[in-house]
Amino acid sequence: MRYETERTRRRGHADTATDTLARGLGIFSIALGIMEVAAPRTLARALGMKGQEGLIAGYGLREIATGIGILASKDPTPWIWGRVAGDALDLATLATALEGKNPKKENVGIAMAAVAGVTALDVYCAQTLSRESPHPLPPMQDYSDRTGFPRGVEQSRGAASDFEVPRDFRAPEAMRPYTQPDLPQRPMPSM
Amino acid sequence: MKALVWHGTTDIRCDSVPDPQIEHPRDAIIKVTSCAICGSDLHLYDHFMPGMKSGDIMGHETMGEVVEVGSETKGKLKVGDRVVIPFTIICGECDQCKRGNFSVCERTNRNGHIAAKAFGHATAGLFGYTHLTGGYAGGQAEYLRVPFADATHIKVPDGIPDEKLLFLSDIFPTGWQAAVQCDIQPDDTVAIWGAGPVGQMAIRSAILLGAKQVVAIDRIPERLAMAEAGGAITINFDEESVIERLNELTNGKGPEKCIDSVGMEAHAAGTVDAMYDRVKQATMMETDRPHVLREMAYVCRPAGTLSVPGVYGGLLDKIPFGAIMNKGLTIRTGQTHVNRWTDDLLRRIEEGQIDPSFVITHTVGLEEGPEMYKIFRDKQDGCVKVVLKP
Ligand SMILES: NC(=O)c1ccc[n+]([C@@H]2O[C@H](COP(=O)([O-])OP(=O)(O)OC[C@H]3O[C@@H](n4cnc5c(N)ncnc54)[C@H](O)[C@@H]3O)[C@@H](O)[C@H]2O)c1
Ligand SMILES: [Zn+2]
Ligand SMILES: [Zn+2]
């Protein structure tokens, strides 16, 4: 059984796992972003990066924007590549905190390892998504013969015109203004 | 017996439960030969409809053979009869039943007082569909107790396969009533949102009732293909603007008749109102997602009709009532008055005007039911309609 969803099929790939991973990364982005925006001072202190609170909060906004992009867009691929670029920026920024005699170097190392791990996931996800064709897959099953009409569609148009719409289901006469005199008319049942 | 039992959100299991028994002289027990999963069941599966309790048996599209009858069903029903069971339980005698308004039968909802609190008045009892509508055990099971069985049944002849008859229980009359509510005129354009099973039946009904143009709106390619096979022009709302296309198809005037066969779980990827609904729903400030209703009210031709078979449960937000009022639109809605239409529809099946089995894409045993709920909900594997064989 092919397990495809509308989303994955629309992107031209029957791969739900990558789709779920992309969404997971989107949620992660937002969560991390909120943390950076809400507590830049705590983070700066933990990483020995005092004075860089503004930068951290700015990175937080970037994370939130990317996360929303991933979750809300039809095609998350460019946004995941955006995450990869962001990861590189994060690593470069963290690397500066390794210089000199930062007493929190150990924390910075841990943070860099974590970012590197997520970067690997981001790269994997972005590459897999990029391999998908940009064209939607054709319908999985061919239902073009499922008319429901044993006599065919054309024969069936108006076949139930013997049916009289019950009085309580009829539109009031005044609200049937569309039937133009030059069009073939079905006799209107008397009200 | 085996039955599909609701345990919680997206948790339906095939359990062993006690066999049903005659509890009232008007009851009958049927041995189920076929039953189906309905889009309405998905609202329970996803738990958008309130009023379910763990242990409730699911299912309201059921047919089978009568194996036991209560003393007061005499003359109406006997052991061995082949019957389709309508999803609306009806007494056949109250003021509403006498008018043919079966889905608002005044007697069959044994929890009528709760329903009256929620809706102002009680509506009919329904099989396998929340305690607001009586909390009756459903028919996705080996046996079903049918209350008010002397009225609540559709007798069907032998010699026609289950697959052609089963949908008399719900989706065929539902699609039919949706079209009848439109009072279709020969030059009408009927736009139908949702190409699920109900939408598919509405398309066929609108064609049979002689609409000039039928337009189907969905995003699932194979459902759109099936809609096209039935004579509809299709719009993929993921790829094009529904409003623009509908106006194009009607010389800028909009469709005269609009049918919502989507209901409260409408999708609207990326639009502002969709985000708004998601947030409000998540924070429990709104229960339903009425994107389709908004679109219909906006695009419908003045003095046109909105027909709403799609199910809604509670409070809806940002409904453009200004458009509805100023354009003088008529809104018709309701759970289907199944038995009002079934004699006529059975005849049309027998005569070969229509064969509702076209919609079935999956037939499995009851044990595979829980998995099929997920596949049907997620529209995986080309799934449109699931039939279960207990
Ligand atoms: N009135 C009644 O008595 C009655 C009876 C049966 C079912 N229903 C209701 O009818 C509705 C449809 O039932 P179904 O079995 O066909 O379910 P379904 O879930 O299979 O079909 C719904 C379809 O709507 C489509 N859709 C979602 N958002 C859309 C949008 N914005 N525009 C257009 N299409 C959209 C989905 O892709 C899907 O194909 C449900 O709400 C169900 O509860 C009512
Ligand atoms: Zn149903
Ligand atoms: Zn009644």
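So here's what we get for this one:
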item	result
Test result for B:A149, part of a loop (DSSP other than H, G, I, E, B), within 14 Å of ligand 1 (Cβ to nearest atom) and modelled with pLDDT of 95 or more	no
Enumeration of residues in segment B:138-165 that are under 16 Å from B:V66 (Cβ atoms) and within 16 Å of the chain's Cα centre (by Cα)	B:G139, B:L165
Selection count where residues are away from ligand 3 (no atom under 16 Å from the Cβ) and buried (at least 18 other Cβ atoms within 10 Å of the Cβ), scope segment B:111-141	11
Helices (runs of 4 or more DSSP H) within segment B:289-355 that include 2 or more residues of a type in the set (S, T, N, Q) and crowded, with 21+ Cβ neighbours inside 10 Å	B:338-350
Unmet requirement for B:E222, which otherwise passes all of (1) more than 12 Å from ligand 1 (Cβ to nearest atom); (2) part of a helix (DSSP H, G or I); (3) crowded, with 19+ Cβ neighbours inside 10 Å	(1)
Test result for B:K98, outside any strand (DSSP E or B), within 14 Å of chain A (Cβ to nearest Cβ), more than 16 Å from ligand 2 (Cβ to nearest atom) and basic (K, R)	yes
Unique residue being open to solvent by 20 Å² or more (accessible area, probe 1.4 Å), closer than 16 Å to B:M201 by Cβ and not β-branched (V, I, T) when the list is B:E228, B:E248, B:E244	B:E228
Cross-chain or 6+ apart pairs with Cβ under 6 Å, segment A:74-85 first and over 15 Å from A:T20 (Cα atoms), then outside any helix (DSSP H, G or I)	none
Test: residue in segment B:25-33 that is at pLDDT 95 or above, polar (S, T, N, Q) and within 18 Å of the chain's Cα centre (by Cα)	no
Given (1) surrounded by fewer than 21 Cβ atoms within 10 Å (Cβ to Cβ); (2) more than 26 Å from B:L388 (Cβ to Cβ); (3) modelled with pLDDT of 95 or more; (4) not aromatic (F, W, Y), number of the condition B:I160 does not satisfy	(2)
Some residue of segment B:234-242 being in contact with a strand residue (DSSP E or B) (Cβ under 6 Å, 6 or more places away or on another chain) and in a strand (DSSP E or B)	yes
Residue count, segment A:27-57 (criterion: surrounded by fewer than 18 Cβ atoms within 10 Å (Cβ to Cβ) and outside any helix (DSSP H, G or I))	3
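Results for (1) within 16 Å of ligand 2 (Cβ to nearest atom); (2) over 30 Å from B:G196 (Cβ atoms); (3) part of a strand (DSSP E or B); (4) in contact (Cβ under 8 Å) with a residue 40 or more places away in the chain, shown as yes or no for each residue.
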position	(1), (2), (3), (4)
B:I12	yes, no, yes, yes
B:I29	no, yes, yes, yes
B:H43	yes, no, no, yes
B:M63	yes, no, yes, yes
B:V67	no, yes, yes, yes
B:L77	no, yes, no, yes
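The values are calculated or read from the model by the stated rules, or taken from the named source; none is laboratory data. Worth saying up front: this structure is predicted, and the values here are computed from it rather than measured. Cβ coordinates were reconstructed from backbone atoms using ideal geometry, including for glycine residues, and neighbour counts include every protein chain displayed. Accessible surface areas use protein heavy atoms only, side chains included; no ligands, DNA or RNA. Shrake-Rupley method; radii C 1.70, N 1.55, O 1.52, S 1.80 Å.
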